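Please read the structure below before turning to the comments.
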Amino acid sequence: MAKERVADLSFVGEGEVRVVTCAGGRRFALSNVDGEFFAIDDVCSHDEGPLGEGTLVRGRIVCPRHGASFDPQTGAALTLPAVRAVATYEVTVEGDDVFIECGDEA
């Protein structure tokens, strides 16, 4: 897996989720939950909505299309209409830089 820098530490404030992209164009929903960073696919398993454009509510990423929510740490679908989990990716912080193990590009 390829570790890539995707953002400055300040890009995703505490309690926020944002879209970040690896060099190959793969998009991720990067969230900051109580100062800890998590990355999941930026595609809702219900209807391919952009999870990184959603909101972080009580530690859950809520899809902006139909309100399905996901656990940012495990990728588990927590509420309908989504029933399938999304993939998660390792996040590391080094100084002011945020890195994601982007994996093989599709």
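Bear in mind these aren't lab numbers, they're just calculated from the coordinates by the rules spelled out. Keep in mind the model is a prediction, meaning the values are calculated, not measured.
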May I ask you to work out the translational diffusion coefficient for the range 3-101 at 10 °C, viscosity 1.306 mPa s, via Stokes-Einstein with Rh from the Kirkwood sum over Cα pairs, reported in whole µm²/s? 123 µm²/s
Considering amide H positions built from the backbone, and no H for Pro or chain starts, which residues 5 or more places from LEU78, or on another chain, come under 5 Å of its amide H? SER69, PHE70, ASP71
Here the gain from full extension of LEU78 to GLU16, 0.36 nm per residue of separation minus their alpha-carbon distance, amounts to 20.5 nm
